[in-house]
Amino acid sequence: MVNRRAFMKSGAMALFAAGIGGVPGFVARAADSRKIISPYKKGKVLVCIFQRGAMDGLMAVSPYSDPNLKTLRPTLYMSPAQTEGKMIDLDGRFALHPSLQSFAPFFTEGRMAVVHGVGSPNNTRSHFDAQDYMESGTPFSKSTSSGWLNRAVGLMGHDATPFRAVSLTSALPRSLYGDNEALAINNLQDFAIQMRGNPLASNLASKSFEQLYDQTSNQILNKAGKESFDALKMLNVNNIKNYQPVSGVVYPNSPLGNSLKQIAILIKMNIGLEVAFAESGGWDTHFNQGTLNGALARNLKDFSDSIAAFWKDMDAYQDDVTVMTMTEFGRTAHQNGTGGTDHGRASCLFVLGNDVQGGKVYNNMKTLAREDLEDNRDLPVSTDFRSVFSAVANGHLKINNNQKLFPTWEGQSLGVMKA
């Protein structure tokens, strides 16, 4: 049998002539153990979107019926009405911001669930710490080396292609740190493939990836290498460049829109994608937050329109795809003196999919009265983010091992997924 050292020595980290910027070491390991799946099969895909900067959940999905909200936010308060451009009433208590209009049909159809009052039990108001805690899945430990999505990948219990876990970012996010294979692809067209902690990334040979396997004398290595090359070759630059979404679908020309379009391409290539990650920035609204217009409204529109375009583009794949959003914390219930909101505690998130128990705002929230606020200023966290993350991972990816997925957590998963 070919061992990993022999595989590496044969030049598994060579540059692919078409322009791949370094073949990750786990491609070699996968080929070495002959775990490349061929032919590639369509499977379940979880798409996670991190809203970095802390989205104001009280404005995105407003508890408009609470009389305290208008007192807390005299110039930011909005109420739903049956006129264009107003809040979209969901259940008589909560309403979507007008810029989230694209989400309304999904909620009505029962495909989308909203979870409100969600966040971390750790009360840090540091963006960096809160993001790290949420992505590691261990809110009171900075020493956790792996991310919760990387652990999820390891718990799936079946062989996979090198493209099982892909982040459409310039660097691997904290969620995907760990021992299991994961890729960060900044742009599919440029083939800018990176891998955190890749010990072979700087040891690239001058020959093409395919040439090396044509020349090897070991027949087993040759066959395994060809399978790896075939997997990489599926990311054909012309297919990516000429990709056409489903008729009528137009992605926003934004970082999130472009990332979700590329995730759609990977899913439709059927090369084994199971966990995808994307980011949306600009949610830190300390001043001039706005209502119908402004920074938050623009961000919410891009956010919802990008996800709606992706979902419609999935078309025949919708039964196999679930989308979940997250943000590190929310904003203060009180608006500040510059027409914005500061770092708070709880926010809200969205889960979209055909296996979601949608059409409901899941919450354990109390009122926004002063005595019910945390530190007299914040919406308290009434739903631990792990109860949602575990529910989606268990319900969609069929992991069912919360002890390993979220070490030290002893809570219960939220019932946002169909049985």
Spin-label model distance (nm) - residue 418 vs residue 403, 7 Å beyond Cα toward Cβ
3.1 nm
Taking the Cα centroid of segment 75-139 and of segment 321-361, what is the distance between the two, rounded to the nearest whole Å?
4 Å
Please give the residues of segment 57-96, grouped as numeric ranges, whose backbone N is less than 18 Å from a label point set 7 Å along the Cα-to-Cβ vector of residue 288.
75-76
Non-local amide H neighbours of residue 417 (under 5 Å, H modeled in plane, Pro and chain starts lacking H): which ones?
357
In nm, what is the difference between 0.36 nm times the number of residues separating residue 158 and residue 71 and their Cα-Cα distance?
25.9 nm
In segment 329-419, what is the volume of the convex hull around the alpha carbon atoms, normalised per residue and reported in Å³?
126 Å³
A student asked for the Cα radius of gyration and Dmax of segment 93-141 in angstrom ought to give 15.1, 39
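Bear in mind that the values in this text are calculations on the coordinates, not laboratory data. Values in this document were obtained by computation on a predicted structure and should not be read as measured data. Note that each Cβ is placed from the backbone with ideal geometry, even for glycine, and that neighbours are counted across all protein chains shown.
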